[in-house]
C-alpha cells in the first residue's frame, strides 16, 4: 500500500470512530439529557403530529442513533450513508421548524463528512478485496 493509500486508510479510520462513537453518545444522552434538553430541538409542528410524548420520541431517536453508530463501527460504508441521511433529516426538520439554523448547517456539514466516510470505506474495502485476491 503506497503512502497516499495509507493516509486515506488512517482518515477512514478516524472518520469511522468519530461517526461511530458520536451517534452512540448522542443516542445514549437522549435518555439522560446531560448534554442538552433534546426535546427543545423538536419543531412544535412535529411534536403536535406525534402519537406519543416528545420524551418517548426522543428515546426512539436515541435507540436509532445508537444503532446507526454501531452500524458505522461494524460496516462503515453502509453506516456512513445511514448517518448521512439521518443528519440531513435532522437538518431538514430544524429548517422546517424555522429554528436552530446554526445546528442545521452543522448537521449538513457533518452529513458531508459521513458521506466522505462511506466513499472512503467503499474504496478501502475494495483495496482489501484486491489484497486478499493477491494472497
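Readers should treat all values here as calculations from the given coordinates under stated rules, not as data from a laboratory. Note that the coordinates shown come from a computational prediction; the quantities given were computed from them, not determined experimentally. So basically every Cβ, Gly included, is an ideal-geometry build from the backbone, and we count neighbours across all protein chains shown.
Quick notes on this one:
- The chain: calculated mean residue ellipticity at 222 nm from DSSP helix runs of at least 4, using -39500 (n - 2.57): -28000 deg cm²/dmol
- Residue exposure proxy: 52, 100, ordered by other Cβ atoms within 10 angstrom of their Cβ from fewest to most, comes out as 52, 100.
- Helix axis angle, 101-134 relative to the chain longest principal axis, alpha carbon, degrees: 30 degrees
- On Cα atoms only, tilt of 76-96 relative to the major axis of the chain in degrees: 30 degrees
- Candidate values (1) 34, 15, 12; (2) 22, 18, 13; (3) 25, 15, 13 were compared with semi-axes √(5λ) of the Cα gyration tensor in Å computed on the shown model; the agreeing label is (1).
- Taking other Cβ atoms within 10 Å as a rough exposure proxy, 50, 73, 117 sort from fewest to most as 50, 73, 117.
- Residues in the range 1-43 that a label on residue 73 would reach, taking backbone N under 11 Å of a point 7 Å out along Cα→Cβ: 17-18, 20-25
- Residue 105 versus residue 25: modelled label distance in nm, points set 7 Å from Cα along the beta carbon direction: 2.3 nm
- For the pair residue 17 and residue 116, the difference between a 0.36 nm per residue extended length and the Cα-Cα distance amounts to 34.3 nm.
- Between 53, 116, 43, the Gaussian network model of the chain with springs among Cα atoms under 10 angstrom shows the greatest mean-square fluctuation at 53.
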